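Below is one structure; the comments refer to it alone.
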């Protein structure tokens, strides 16, 4: 009986954690005039703070598409030069707040969600700065494999002002296509 209570308690706790709405890091504000339809499509990862899924990958892209149920299909791809093969992961994103606030949660593993917050985007939706739910996750994205120096400087200044460790960014190589 004690085991049953322990298992039930653990299950409830894990469910609450899994379903929790991820929020941006303290003091970081997602874009609040966000237009999701302009964000859909393919993005090239220009720079990132390293984490396990993308470790060692180059040629990383993300593609976003609206699904009939209102969620957003997310497909991340990257090339592993050591294994000489492409790695791909498909997930879904949902808005945490109103659809004009760029605070989303993304899941690649069942009920487990992570924060995805667009914290800067240009008027033409060509460049974006994205954070996770803490300062260990940051991406600079572009619609093309390259980014103008002026945009790079601007996004690095924004990230630094928000307290992200920009000196740890990995600059992603784009020399292959799939």
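Observations, loosely collected:
- Qualifying residue in segment 154-169 (condition: touching a residue at least 40 places away in the same chain (Cβ under 8 Å), under 21 Å from residue 81 (Cβ atoms) and surrounded by fewer than 18 Cβ atoms within 10 Å (Cβ to Cβ)): yes
- Screening 32, 50 for residues that are under 18 Å from residue 100 (Cα atoms) and either out of contact with any strand residue (DSSP E or B) (no Cβ under 8 Å at 6 or more places or on another chain) or modelled with pLDDT under 95 (or both) leaves exactly one candidate, 32.
- Test: residue in segment 56-63 that is on the phi > 0 side of the Ramachandran plot and surrounded by 18 or more Cβ atoms within 10 Å (Cβ to Cβ): yes
- Top-ranked residue in segment 147-165 [being in a loop (DSSP other than H, G, I, E, B) and in contact with a strand residue (DSSP E or B) (Cβ under 8 Å, 6 or more places away or on another chain); ranked as farthest from residue 36 (Cα to Cα)]: 165
- Between 79, 127, the distinction of being crowded, with 16+ Cβ neighbours inside 10 Å and more than 15 Å from residue 31 (Cα to Cα) belongs to 79 only.
- Any hit, segment 120-130, residues being under 21 Å from residue 49 (Cβ atoms) and without any contact (Cβ under 8 Å) to a residue 24 or more places away in the chain: yes
- Residue in segment 101-116 that is outside any strand (DSSP E or B), in contact with a helix residue (DSSP H, G or I) (Cβ under 8 Å, 6 or more places away or on another chain) and surrounded by fewer than 18 Cβ atoms within 10 Å (Cβ to Cβ) present: yes
The values are calculated or read from the model by the stated rules, or taken from the named source; none is laboratory data. Only a predicted model underlies this, so the values are computations on that prediction, with no experimental measurement involved. Here the Cβ is made from the backbone with ideal geometry for all residues, glycine too, and neighbour counts use every protein chain on show.
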